[in-house]
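Undergrad: Handing you a structure now.
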Amino acid sequence: MLKRSLLLVATAVLISLQARAEYDYIEIGNLAYEVLYSDEGPISAQVRRYAGEYTYPWSITVNIPDEISYNGQPCPVTSIAKNAFEYYRVVSITLGKNINWIGEYAFNGCSVEELTLPANVETVYQKSLPSCKKLIIEDGSKPLNISKIGGSGMAYDWNLDYVTSLYMGRNVTGNFAQGIFSNISDLDIGVSVTEIARGLFAGAKKLQLVVLPPKLEKIGDSAFSQTEFSNLEIPPTVKTIGDYAFSNSKINTVRFNGTEDSGTLIVNYGAFYDTSIASAYINRDISTGYYNIVGTLFTSSNASLQNVEFGPNVKRITEMLFYECYRIENIILPEGLEEIGGRAFEGCTSLSSVTLPETLENIRLMAFSDCSGLCNIVLPENLSIIESQAFEGCSSLKFVKIPEKIEQIKYGTFRACSSLEDITFSNGLKRIEKEAFASCSSLKTVMLPEGLERLESYCFKGCSGLSKIVFPSSFTTFFGSEQFGGCTSLKEVICYGETPAKPSYGTQGLPFDSETYSSAKLWVPEGAVEAYKAAKAWSQFYSISGVDKVEVSRDEIAISNGHIVSLSGNDFDIEVYTPSGMLLYRGKLSGSPTLSKGVYLVKNSTVKKYIVH
């Protein structure tokens, strides 16, 4: 009850104070004021109009003081009334430091060379400011709100179009559907500015240089659209670049500066649409968040990018960042990079060389697809994930070594790499998925690694140049069918496994074409011939031969029933030694003798040990 009584008393006192606040109209010098006062004294004063003498055409000087005296007490001058000086011929204007807001049309129709807005000015209303060539917005912590401009799409403060020189010492806010500083040629942005408002400098075609302040955090939608300056540096403090922020501009070079603490820069839809960025420096992570041409950063800049340099703070290349940037020829990605996002370099047809750092862990979906000029790429040993279609259509790629940590080669990863001649697999590989190497027509020999367990449908389909395939002893499963369909040159199939690999379930199709079954030779361990002849995936081979020990080098020599045979079909020079080093034969493989039981060393390009049982 006591608390309620105290609340009622406090409310009554407040109402009483408000009731005693009154207005008084006075004139001091050549200005008329409306003073708000109470029993305790004056509260604030507003400039109502010009009260001095003038002669046609009404040329006047306006000097608004910081404060006036009212009944012997100081009273701050805090505002300027609506229409206060409209259409006067004002020679100069000085605003007191306590001015907080300027009413509608206050200086409409007036014109001065220079105007300074003090730090306390928070709001200027529609057409409240005079036309001026130089505008100084003093440093301060309170944003300047240029109100009622563009809010309805109809009203704009055309008076500010005459500003050619601007110092902006703090944030300027408002709904700028069109740039209100479109004629500036000299722009100085103070160090306290943290945000460039939507459309603020849109259409400023005379602006040749922009230096963004060191504390800037946000660049609003269309903030610098349709501008003419060519070089841009984004400070490391910037967190967001808005939709179409620099669209239709003349930016040629851009630097995305960053530090370890910068975090990810969010570049929104069409931020650089229809620009011509040729050179970029990137030293932080960038996220675009859009998956189409207009939304991407560099592709929306007419794919004009030629030179890219990365700094040490880049951890991730975002999705589609360089999508179809077909002028890029070489990329060196920085140490510390961990991931290349989906479609990041897709369609970069001139890209011939990519240097990947040892820190790279993931290459995402279609990251380098259709990079038709890419000749060679070294995949780092730390790489653990290569997602589907990552190198699909890289038609100039010739050599690939798969790192140890890669357990799966996913769907279409190297599909249509028509120049791919050599693949080196690691023993960490467990599975090759659907169409992984389909249409790699230049492959001649594929030696699948020990540890591989499964091949999925069409994984080597259409590899028309493939003549030899070697299966490890670990291989157990054909999942699906036609793993080697369309491999019209296949002549040698070599299996290490004592137990034949099987289809994942019995009704599936076969891994090889009928032509392969009829013309290719199948080599299997001597003791497993009958098992292969009875196995579904292998039984249709017309020629199944056993060898005592399958040893495969680059020349693919094997021993069959004491005969040294070439698994490549080529004849070449060999040497045969006893384990003690005594030479038994030197000459062409085709002329080598039949070997009795024992241990032999056979040398061609390397030395291999063979046991004849």
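Undergrad: Please list, short to long, the whole-number percent of alpha-carbon pairs of the chain in consecutive 20 angstrom bins beginning at zero.
TA: 16, 30, 22, 16, 11, 5, 0
Undergrad: Report the FRET efficiency, 1/(1 + (r/R0)^6), for residue 405 and residue 231, where r is their Cβ-Cβ distance and R0 is 56 Å, rounded to 0.05.
TA: 0.85
Undergrad: Starting from 0.36 nm per residue, how many nanometres of slack lie between residue 502 and residue 23 once their C-alpha separation is accounted for?
TA: Here the segment from residue 502 to residue 23 would lengthen by 162.6 nm.
Undergrad: Further question on the same structure: Tally Lys/Arg at +1 and Asp/Glu at -1 over every other residue whose Cβ is under 11 Å from the Cβ of residue 119; what's the total?
TA: Around residue 119, the surrounding residues sum to 0.
Undergrad: Still on this structure: Relative contact order (percent) for the chain, with alpha-carbon contacts under 8 angstrom and 6 or more residues of separation?
TA: Once divided by the residue count of the chain, the mean separation gives 4 percent.
Undergrad: May I ask you to compute the full-extension gain from residue 292 to residue 575, defined as 0.36 nm times their residue separation minus their alpha-carbon distance, rounded to one decimal in nm?
TA: 95.7 nm
Undergrad: Same structure again: What does the charge dipole of the chain about its Cα centre add up to, to the nearest 20 debye, if the Cβ of each Lys and Arg holds +1 and the Cβ of each Asp and Glu holds -1?
TA: With only Lys, Arg, Asp and Glu charged at Cβ, the dipole is about 1220 debye.
Undergrad: If I take R0 = 60 Å and measure r between the Cβ atoms of residue 71 and residue 178 in this structure, what FRET efficiency does the formula 1/(1 + (r/R0)^6) give, to the nearest 0.05?
TA: Calculated value: 0.80.
Undergrad: Lys and Arg at +1, Asp and Glu at -1: add these up for the other residues within a Cβ distance under 14 Å of residue 370 and post the number.
TA: Within the 14 Å Cβ shell, the charges total -1.
Undergrad: With all pairs of different alpha carbon atoms counted, what Kirkwood hydrodynamic radius in Å does segment 491-540 show?
TA: 11.3 Å
Undergrad: Within segment 330-346, which residues have the backbone N less than 20 Å from the label spot 7 Å out from residue 304 along Cα→beta-carbon, could you tell me?
TA: Answer for this model: 330.
Undergrad: Same structure, new question: Could you compute the FRET efficiency for residue 119 and residue 476, with r as their C-beta to C-beta distance and R0 at 56 Å, rounded to 0.05?
TA: 0.15
Undergrad: Here's something else I'd like to know. Relative to the first principal axis of the alpha-carbon coordinates of the chain, what is the inclination of helix 2-20, with its axis defined by its Cα atoms, in degrees from 0 to 90 and to the nearest 10?
TA: Orientation of helix 2-20: about 60 degrees from the principal axis.
Undergrad: Mind scanning 127/215; 410/603; 401/468; 444/521 and naming the pairs with a C-alpha gap bigger than 27 Å?
TA: Going by Cα-Cα distance, 127/215; 410/603 fall outside the 27 Å limit.
Undergrad: Run the Debye formula on the Cα coordinates of segment 20-83, all scatterers equal and no solvent, and tell me log10 I(q)/I(0) at q = 0.19, 0.24, 0.29 1/Å.
TA: Calculated log10 I(q)/I(0) at the listed q: -0.69, -1.00, -1.33.
Undergrad: Now for a separate question. Quick one: which of 430/491; 82/134; 405/491; 434/536; 405/536 span more than 29 angstrom between C-alpha atoms?
TA: Over 29 Å Cα-Cα: 405/491; 405/536.
Since every read-out is calculated from the coordinates, none of them should be taken as a lab result. On a predicted model such as this, the values are computed, not experimentally measured, just so you know. When we count neighbours, we look across all protein chains shown, and the Cβ atoms used for this are built from the backbone with ideal geometry, even at glycine.
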